[in-house]
Number of protein chains: 2
Amino acid sequence: MPDRPVNAPYHHGDLRTAALQLGMERLANQEQPDLGLRALARDLGVSATALYRHFPNKDALLDALALEGLNRLGRHQAEATAKAGGGRDGFAEVGVTYVTWAVENPALLRLIYHRIGQVDLTTDDPTAMGEAFHQLRAGIAAMIPDEMRKDQRAAAALHAWSLVHGLAMLILDGQVEYDPAMVRKVVLMTDFKDS
Amino acid sequence: MPDRPVNAPYHHGDLRTAALQLGMERLANQEQPDLGLRALARDLGVSATALYRHFPNKDALLDALALEGLNRLGRHQAEATAKAGGGRDGFAEVGVTYVTWAVENPALLRLIYHRIGQVDLTTDDPTAMGEAFHQLRAGIAAMIPDEMRKDQRAAAALHAWSLVHGLAMLILDGQVEYDPAMVRKVVLMTDFKDS
DNA sequence: GTCGCAATGTTTATGCTGTTAACATGCCGA
DNA sequence: TCGGCATGTTAACAGCATAAACATTGCGAC
């Protein structure tokens with residue numbers, strides 16, 4: 001029973017792009033990264049299985065969305081790093097930026113970390129996911145003060161990443177209410193010293 | 001078609017307990033907290049819908065499992081706090097303990113934080129989930145050195161919690177490989193100072 | 001220009017899921 | 001002993017991801 005509008009052409013035009021666009025839109029307005037292929041197809045005015053012409057399966061769609069999200073996050077962090085100067089204040093600013101982005105894109109952040117875990121970075125498409133991922137890591141490493149001892153920089157980067165990511169997750173999971181001032185305060189409590 | 005063993009009695013005996021037990025067992029051996037009601041019932045030698053006599057829905061079962069997990073985690077943290085002395089080393093030890101528990105119980109940790117977010121702590125069963133939760137928070141607050149200024153203690157507790165939780169999540173999500181020495185090093189980088 | 005093929009979309013079907021309703025069984029107290 | 005309530009079963013529904021077979025269309029080669 002084709003209850004599709006009579007004017008709608010048989011071919012959509014650019015279903016893949018439209019799907020990713022609507023998918024991102026959805027993720028931007030949801031708390032959890034719950035996407036249904038059927039529901040998505042329905043709202044695209046297309047049959048339930050049409051998306052399989054563009055993605056081998058649901059995970060591939062989610063991976064594409066996660067990749068886009070990862071790129072946005074990486075870009076966002078790079079900008080923040082560039083804008084903020086060095087020193088403790090700059091460090092805090094970049095950290096706050098990470099948390100803020102997470103709060104504003106909860107479903108996307110969750111999807112990114114959820115999907116990344118499933119991907120074998122050694123074999124799967126090293127140009128896309130791995131690249132964007134490296135970009136994020138670099139942005140985080142850039143938070144670390146220059147005067148840090150070299151052999152401590154890796155640990156310091158991990159420390160910073162853990163701190164902001166954990167804080168973000170606690171907020172997203174409803175454990176802690178979002179309070180920019182508190183976020184800044186917490187991030188500022190980190191004062192690296194060689195031990 | 002009743003393909004259930006002929007000797008099996010019509011009544012199970014204590015299906016609720018058995019379900020929780022098998023559920024916990026499952027969670028202990030999985031990476032992701034994926035439980036299927038039907039699969040669970042099948043392995044309990046019971047019909048697909050039998051569990052609905054003991055839980056109103058799937059979420060209720062998951063909540064019960066999350067509650068049990070939360071109690072275990074809280075107890076674990078309390079023990080670690082008691083065993084470790086104060087000072088930086090004690091702090092680090094308790095932090096490492098949190099991460100270790102998370103690594104050993106990935107699905108359970110995920111379930112806990114996932115479920116807790118859905119629960120309205122003000123209305124839902126304040127005796128159970130909220131209680132166990134408060135217990136965990138207390139264990140974390142106990143990590144904070146005594147000489148800390150009072151108005152900084154809340155921020156310090158949040159800092160500590162964020163750090164270990166974030167580190168745990170990064171490891172569970174496959175971003176960072178688990179290395180106890182590295183974990184200890186990262187946790188030790190936190191040196192609280194009044195700012 | 002038209003013919004054919006590859007790309008794209010649709011229908012239909014399969015087996016999974018959570019959940020509800022109606023029915024069956026058996027334990028326990030009056 | 002008997003009746004009711006707790007517990008379990010069967011059947012059914014809607015929704016999901018996915019696969020196979022079929023339909024339509026646009027585009028490039030002749």
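Quick note: the coordinates plus some simple rules give every number you see, no bench work behind them. This structure is a prediction, so every number in the text was calculated from the model and none was measured. Positions of Cβ are backbone-derived with ideal geometry, glycine not excepted, and every protein chain shown enters the neighbour counts.
Any idea what the residue B:178 label distances to the other copies are, label 7 Å down the Cα→Cβ vector, nm, shortest first?
Label-point distances to the other copies, shortest first: 3.2 nm.
For residue B:43, which inter-copy label distances result when the label point lies 7 Å beyond Cα on the Cα-to-Cβ vector, reported in nm to one decimal and in ascending order?
Shortest to longest, the spacings are 3.5 nm.
Of all the residues in chain B, which one has the C-beta that comes nearest the axis relating B to A, and what is the distance in Å?
Spelled out, residue of B and its Cβ distance from the axis onto A: B:166, 1.
Over the Cα atoms, compute the radius of gyration (one decimal) and Dmax (the largest Cα-Cα distance, rounded to a whole number) for segment B:57-188, in Å.
14.9, 48
How much length is gained if the chain between residue A:191 and residue A:52 is pulled fully straight, taking 0.36 nm per residue apart and subtracting their Cα-Cα distance, in nm to one decimal?
Using 0.36 nm per residue and subtracting the Cα-Cα distance, I get 45.0 nm.
Using a Cα distance threshold of under 15 Å, what count of lysine pairs results for the protein assembly as shown when pairs must be 8 or more residues apart or interchain?
7
As a test of the formula, what do you get for chain A when each DSSP H run with n ≥ 4 contributes -39,500 (n - 2.57) and the sum is divided by the residue count, at 222 nm and rounded to the nearest 500 deg cm²/dmol?
Computed ellipticity for chain A at 222 nm equals -21000 deg cm²/dmol.
Any chance you could give the angle, 0 to 90 degrees and rounded to 10, that helix A:129-141 forms with the longest Cα principal axis of chain A?
30
For chain A, what is the relative contact order in percent, using Cα pairs closer than 8 Å and at least 6 residues apart in sequence?
24
Explain nothing, just the number: dipole magnitude of the protein assembly as shown about its Cα centre with +1 on each Lys and Arg Cβ and -1 on each Asp and Glu Cβ, in debye rounded to the nearest 20.
260
Dividing the Cα convex hull volume of the protein assembly as shown by residue count, how many Å³ per residue is that?
193
Among A:99, A:162, B:35, whose Cα sits farthest toward the positive end of the charge dipole of the protein assembly as shown (+1 at Cβ of Lys/Arg, -1 at Cβ of Asp/Glu, about the Cα centre)?
So the residue furthest toward the plus end is B:35.
Quickly rank A:135-143, A:30-38, A:93-101 as a protection proxy: mean count of other C-beta atoms within 10 Å, highest first.
Packing proxy ranking, top to bottom: A:93-101, A:135-143, A:30-38.
What distance in nm separates the simple spin-label points at residue B:34 and residue A:177, each placed 7 Å from Cα in the Cβ direction?
My value for the distance between the label points is 3.7 nm.
Using the 7 Å Cα-to-Cβ label point, sort the distances from residue B:128 to its equivalents in the other copies shortest first and give them in nm to one decimal.
Residue B:128 label point versus its equivalents elsewhere: 4.3 nm.
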